[in-house]
Amino acid sequence: MTRALFATAALVVVIAGMKTAGGLLGPILLALILVITLSPIRSALARYVPGWLATTVLIIVLYGILAAGVASLVAAGIQLASLAPRYSDRVSDIVNDVQAWLQDLGVEANDAEQLVTRIDPSTLANIAQTAAGVVLNLLTNIVFLVTLLLFMAVETGGYPSRMARADLFRPSLTRALRQFVSGTRRYLVVSTVFGLIVAVFDGIALWILGIPLATLWAVIAFVTNYIPNIGFVIGLAPPAVLGLLEGGVGLMIAVIVVYSVINFVLQSIIQPKIVGDSVNLSVTVTFLSLIFWTFILGGVGAVLAVPLTLLARALLVDASPGTRWADIFIAGSGSLRGEATWRAGQEPTGRRRWMIGRRRPQNPWQK
C-alpha cells in the first residue's frame with residue numbers, strides 16, 4: 001500500500017512538472033516525432049550518396065514541412081482578417097433574431113440578452129485575439145524548433161549504432177523503442193493519407209456549396225485528421241459557422257451533413273480498421289490520451305496524442321517485463337482477438353508443451 005502511494009505521488013509530481021514545462025516540451029516532442037517519422041529518407045539516400053548529403057536532404061524536408069505549416073497559419077490569419085468585416089452586420093442580425101426567438105419562448109429579456117452575448121461580435125473578436133495569441137506563441141518557438149530539428153537530424157546517422165550498443169545492455173528497452181518508432185511511422189503515414197483524402201473531398205464539397213475559403217477549411221480538415229476522436233468536430237465548426245452567415249440555417253445544415261457523411265465513413269469506419277492493428281490502442285485509451293496530452297501540451301499535445309501515448313507505453317509498459325501485463329488493458333480489441341487466435345493455433349502438446357510452459361509466452365505483436 002505504501003509503495004502504491006509513493007508511486008502515485010511521484011506520478012502526480014511528474015505530471016505537474018510536465019504541465020509547467022509544457023511550453024518547452026511541446027517543441028521538443030514535435031521535433032522528435034518529425035525526425036523519427038522522416039528519418040527513413042536519410043537511411044534510403046545514404047545507400048547511394050554520402051552521409052552528409054543525405055542528412056542535408058533530410059534537413060531540407062524537415063524545414064520545408066515547418067515552413068509550409070507557418071505559411072498556412074499566416075495565410076489563414078490574413079484571409080480570416082479580410083473576411084471578418086464582411087459578416088459583422090450579419091452576426092448582429094443573427095444575435096437579434098436569436099434574442100427575439102428566446103423571448104418568444106418565454107425567456108425574460110435580460111436572460112435572453114445574457115445568453116446571446118456569447119455570440120456577440122465583440123466576443124468573437126476576443127476569441128480571434130486569443131487564437132492570434134496562440135499562433136504568436138507558436139511562432140516564438142519556431143527558432144528553438146528550427147535549431148532542435150537541425151541537431152536531431154544531424155545525429156540520425158548515429159542512432160542505429162547507438163541502439164545496437166544499447167541492445168547489449170537493455171534488449172527489452174530497445175525492442176520497445178523500435179516498436180514505438182515503427183508504430184508511430186505507420187500511424188502518421190495512414191493519418192496523412194486519409195487526411196489528404198478527407199481534405200480533397202471536403203474542399204470540393206465546400207466549393208460546390210459556395211462556402212468562402214474552401215481551400216483553407218480543407219487544409220484545416222487535413223490537420224485536424226491527426227487529432228483522434230474529436231478532430232472532425234474541430235474541422236467542421238468554422239465552415240458550419242460560415243455556412244450560417246453566408247446562407248442561413250439551411251446551408252449550415254448542408255455543410256454539417258456533407259462533413260458528417262465524408263468524415264464518418266473515412267475517419268470512423270475505414271481508417272480505424274487500417275490503423276488499429278498497427279497502433280494497438282483501444283478507443284478509450286486513445287480518447288483519454290487526447291484529453292491528457294492536450295491538458296499537458298495544448299494544441300501540440302492534441303495533434304501528437306497517439307504518438308506520445310505510444311512513447312509512454314514503450315517506456316513504462318513494454319520496456320519492463322514486470323509491467324508488460326498492462327498491455328492487455330491498453331491494446332485494442334482487434335489485437336486481443338489476434339492474440340487469442342494466435343494462442344489457439346500455437347497450443348503446444350507433449351514434451352514441447354512442457355518446455356514452453358516453463359518460460360513466459362511473449363506478446364504476438366512483439367518482434
So, with points 7 Å from each Cα along the Cβ direction, the VAL249-ILE204 label distance in nm works out to 3.2 nm
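With r defined as the distance between the Cβ atoms of ALA44 and ILE270 and R0 fixed at 35 Å, what FRET efficiency is calculated, to the nearest 0.05? Let's see the in-between values first.
Working: r = 29 Å, r/R0 = 0.82.
So the FRET efficiency works out to roughly 0.75.
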Multiply the residue gap between ILE230 and ASP167 by 0.36 nm, knock off their C-alpha separation, and tell me the result in nm, one decimal place. 18.8 nm
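Would you please give the FRET efficiency between PHE295 and TRP325, computed as 1/(1 + (r/R0)^6) with r the Cβ-Cβ distance and R0 = 25 Å, to the nearest 0.05? Display every interim value, and only then the final one.
On the way: r = 27 Å, r/R0 = 1.07.
With R0 = 25 Å, the Cβ-Cβ based efficiency is 0.40.
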For ARG162, ARG313, ARG47, the accessible-area ranking with a 1.4 Å probe, largest leading, is ARG47, ARG162, ARG313
Simple spin-label model, 7 Å along Cα-to-Cβ: SER72 to ALA9 in nm? 4.5 nm
How far is it, in nm, from the label point at THR2 to the one at ILE65 when both lie 7 Å from their Cα along the line to the Cβ? 4.8 nm
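The values are calculated or read from the model by the stated rules, or taken from the named source; none is laboratory data. Remember, predicted model here, so these are calculated numbers, not experimental data. Every residue, glycine as well, gets a Cβ built from its backbone with ideal geometry; the counts of neighbours run over all protein chains shown. The protein model used for the area step is the full one, side chains on, heavy atoms only, and it has no ligands, DNA or RNA in it. Shrake-Rupley method; radii C 1.70, N 1.55, O 1.52, S 1.80 Å.
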